[in-house]
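Read the structure below first, then the notes.
A short reminder: the numbers here are calculations on the coordinates, not readings from a lab. For clarity, every value in this text was computed on a predicted model and none was experimentally measured. Cβ: placed from backbone, ideal geometry, glycine included. Neighbour counts: every protein chain shown.
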Amino acid sequence: MKYRDTLKINEQGHLAIGGADCVALAEKYGTPLYVMDEEHIRTVCRGYKKLLDTRYANSRILYASKAFAALAVYGIVHSEGLGADVVSGGELYTALKGGMPAEEIYFHGNNKSRDELEFAVKENVHAVVVDSYYEIETLSEIASKLGKTQKALVRVNPGIDAHTHRFIQTTRTDSKFGFSIADGSALATIKKVCATKNLRFIGLHCHIGSQIFEQKPFELAVEKMTDFISALNKENISVEELDLGGGYGVTYTDDDKPLEPHQYVSIIIDKLDECLKHKKIAPPKLILEPGRSIVGEAGITLYTVGAIKEIKDMKKYIAVDGGMFENPRFALYQSKYAAVLANRAAEKATEKVTVAGKCCESGDILIEDIMLPKAKSGDLLAVFTTGAYNYSMASNYNRNPVPPVVLVNNGESDYIVKPQSYEDIISRDAIPPRLGANK
Ligand SMILES: Cc1ncc(COP(=O)(O)O)c(C=O)c1O
């Protein structure tokens, strides 16, 4: 595993994160528990910001909220100079309440509701990234009603086949996202936005997928997007902002070899500089939207090992007190993870096990075939790189409470998401009077 200053094995042989001993964290907060390393989040944000400030100052980095949205995270990323992208009314609400200024928020989504659009326009978000004709009409009606002109980017599909899981590729030709450049629908849509009252076209957006390791897809995206800017310029349409999305890979297991986060940005800027010069395009404002690379490796999840079951000559399961309700990524895309026994982190891994969750689904697996020291019930399992798309994808499946999230830094720990009680779980249930009161 990729250990670092703020994620290491301490003198007691325990895993420590943000200066806090994981055994002590589990004792204090219980398990399952999401733990986020504040310093790591800040370090990654600073790396992006420094690089852009020196190499492409006319730029903005947006934290992609979908990776992990909670009030505290917006305060952290904003204090490091980042804005945010949101994809729902709920994310927008959280971002605003978390202190993210509306003018630094971009609103995405392939099917935003009228209510969500109205909320965004009323709050004066910087831009709405439009992704359907239905949305263009609705947005125009809302902006007219409110007497405003809403800035809009158009999400385009440059048609790039990034090598990542099919469900997190977003610019295959048959993707539900964006308007294709190749078939002319992107151009037609942009002309439509330009001609629609109370909307102002300001730029282009694309996002080619997530957890991408190679540099080529990003270079190709820059090529295709700048070709398209040239084509738009020929139609007298100028592009003030070019938003290239996120997608930079992180380390889940030792097999993953991502670049350092800022290296992806460097590659994009190199290519962009070259293309702008070569194609004689006025440099647009560059927008980037990393999510996973900011919070992914910052997070770990702590579990207590419970039942251990061996199927002779086949498989050994160790079951933990979490599962697909707090991390559905194996069930969704067979995601791989690394883990250690946090209370015995320095011990040698000697047996192959499968880590199962506690949900009533055969597919409720967290890690298939991982080498660990021989685990006992009561051991503490730490799964790495769970900061992105874990808490944000959690549910109450099987009526399991969503685990709390604790933020650690310099040995201090605090809730940033409090624990859910059973009472919380039933708090929004309602029994219609015609059913009578349940006994
Ligand atoms: C539009 C958009 N921007 C940014 C992101 C963030 O991607 P990542 O978390 O891989 O950096 C996503 C994720 O799917 C996205 O859909």
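Model label sites at Glu347 and Cys360, defined 7 Å from Cα along the beta-carbon direction, differ in position by 3.4 nm. Sorting the segments 355-362, 234-241 by their mean number of nearby beta carbons within 10 angstrom, highest to lowest, gives 355-362, 234-241.
With a simple spin-label model that places each label point 7 Å from the Cα along the Cα-to-Cβ direction, the separation between Asp414 and Glu123 comes to 2.2 nm.
Note on region 198-356: dipole from Cβ charges, positive end direction compared against Val222, Gln263, Ala298; the farthest Cα belongs to Ala298. Rounded to the nearest 20 Debye, what is the dipole magnitude of region 230-385 about its Cα centre when Lys and Arg each give +1 and Asp and Glu each give -1 at the C-beta? In debye, rounded to 20, region 230-385 gives about 300.
The sum of -39500 (n - 2.57) across all DSSP H runs of n ≥ 4, divided by the residue count of the chain, sets its helix-only mean residue ellipticity at 222 nm to -8500 deg cm²/dmol. Ordering Val23, Val405 from the fewest to the most neighbouring beta carbons within 10 Å gives Val23, Val405. Take every DSSP beta bridge whose two residues both sit in region 1-144; close to 45 percent of them are antiparallel.
Put a dot 7 Å past the Cα of Ser377, heading toward its Cβ, do the same for Ala430, and the two dots end up 4.3 nm apart. Work out the count of Lys pairs in region 200-275 where the Cα-Cα distance is under 21 Å, with the pair 8 or more places apart or on different chains. Eligible lysine pairs with Cα atoms under 21 Å apart amount to 5.
Between Ala195 and Lys277, full extension at 0.36 nm per residue minus the direct alpha carbon distance yields a gain of 26.5 nm. If the segment from Glu260 to Arg399 were pulled out straight at 0.36 nm per residue, it would be longer than the present Cα-Cα gap by 46.2 nm.
When Ile208, Ile426 are sorted by how many other C-beta atoms sit within 10 angstrom of their C-beta, beginning with the fewest, the order is Ile426, Ile208. Given R0 = 60 Å, the distance between the Cβ atoms of Met314 and Ile237 translates into a calculated FRET efficiency of 0.45.
Summary value for the chain: 19 percent relative contact order, contacts being C-alpha pairs under 8 angstrom separated by 6+ residues.
Placing a label point 7 Å from the Cα of Thr253 along the Cα-to-Cβ line, the residues of region 376-392 whose backbone N sits under 16 Å from it are 383-386. Each Lys and Arg Cβ is given +1 and each Asp and Glu Cβ -1; about its Cα centre, the chain then shows a dipole of about 620 debye. Sequence-distant contacts, meaning Cα pairs under 8 Å at least 6 residues apart, place the relative contact order of region 337-439 at 22 percent.
Among beta bridges identified by DSSP and lying wholly in the chain, the antiparallel ones come to about 50 percent. Take every DSSP beta bridge whose two residues both sit in region 286-439; close to 90 percent of them are antiparallel. For region 78-152, a crude dipole built from +1 on the beta carbon of Lys and Arg and -1 on the beta carbon of Asp and Glu, taken about the Cα centre, is about 220 debye to the nearest 20. Maximal additional length on extending the Thr54-Lys285 stretch stands at 81.7 nm, based on 0.36 nm per residue less the C-alpha distance.
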